[in-house]
1. For a 30 Å ceiling on Cα separation, which of these pairs sit above it: K79/K220; K119/K213; K135/K189; K32/K189; K135/K212?
2. Equivalent-ellipsoid semi-axes (√(5λ), Cα gyration tensor) for the range 113-266, whole Å, largest first?
3. Identify, among I4, F140, L44, the residue whose Cα sits farthest towards the positive end of the charge dipole of the range 1-149, taking +1 on the Cβ of Lys and Arg and -1 on the Cβ of Asp and Glu, with the dipole about the Cα centre.
4. Over the range 108-183, one equal point on each Cα, no solvent: what is log10 I(q)/I(0) by the Debye formula at q = 0.16, 0.25 Å⁻¹?
5. With the radius of gyration and the Kirkwood radius both derived from the Cα set of the chain, what is their ratio Rg to Rh?
6. With a Cα-only, solvent-free Debye model of the range 71-151, what are the log10 I(q)/I(0) values at q = 0.18, 0.19 Å⁻¹?
7. Which loop chymotrypsin sites (Phe, Trp or Tyr not before Pro) in the range 125-207, with loop taken from DSSP, have no more than 14 other Cβ atoms within 10 angstrom of their Cβ?
8. Classify the range 188-242 from the C-alpha gyration tensor, please: rounded if a/c falls under 1.5, else prolate or oblate depending on whether a/b exceeds b/c.
Amino acid sequence: MEPILMARVAVMLLGCLAAAYTDARTGLIYDKITYPMIAIAVLLNIFEQNWVFLAAGMLVFGIGYAIYYAGKIGGGDVKLFSAIAMLLPIYSGELFLLNAMFASALLAVTFYAVYFLLKYWKQGIQFQENRGSMKKAALFGVFVAAYFGALVQLEMVSVASATLLAAPLLLAVLFMAFEHGIRKNFFLKQVKLKELEEDEVIAVDFLEERVKKGLKLGFKGVFGGREISELEKMGVKDVPVYRGMPPFAPFILLGCIAALVQPNLISILIL
């Protein structure tokens, strides 16, 4: 392995390790972790005149920001993914970040689905409150089954690979089916407006209808200065938000390690 490539891998792994630790401990990925990673990546890419790697990081940041704007991922996760994309977008001829994210998602879905489904089951599943999410999960399950069934029939994916992917996908469908209840019971918090922080994830499903209309959120899923100001004008005292969301950085670290060990992970499992 070339010295600069070794440096890129080392910085990425150390940064991901630090991010995994702080995310698991505090639920946050600090800028003091991601900014140095990005700065080192920029310097290395300028030194090597590798403008494609810089562009890859900016592209990932743009896509990640859109997902963050919708309230589906944390800002720290976006910066971490951007840093990884600039440090190591290609590894052994494969799209490193894509393989790392694929592995991260499989591991996270499997772990959290089992954990929260068991936790919800012990508390007592309320099927009535999950009717909407159960319908969506059923449609998703039919689509996934049909998609992989077609791939197997066309011999585009092996039966072994389809079977291996079946477990996390089944768990994902079950999690989706009870997602509403899981969010309500384990993450939903009513927060005083004066205690509301910017970038809080909005619990849109639990907002009053008049507040939804007044905020005109569209696809936005996080509170910013404008939303807080509008809430004050409407006289809103308490706001439903999601807090204590499970950390994802530990799985990003594991996904990166998996992609280093097996760079063509997606090709092996799907293609």
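Every read-out reported here was derived from the displayed coordinates using simple, explicitly stated rules and does not represent laboratory data. Not measured: the values here are computed from a predicted model. Quick reminder, even Gly has a Cβ in these numbers, built from the backbone with ideal geometry, and neighbours come from all protein chains shown.
1. Check vs 30 Å cut-off fails for K119/K213.
2. Taking √(5λ) for each Cα gyration eigenvalue gives 36, 19, 16 Å.
3. Highest projection toward the positive end goes to F140.
4. Treating every Cα as an identical point scatterer, log10 I(q)/I(0) equals -0.62, -1.09.
5. Reported Rg/Rh, Kirkwood definition of Rh: 1.00.
6. Values, matching the q order: -1.04, -1.08.
7. Values: sites: F127, F140, F143, Y147, F148, F175, F178, F186, F187, F206; in loops: F127, F178, F187.
The qualifying sites are F127.
8. rounded
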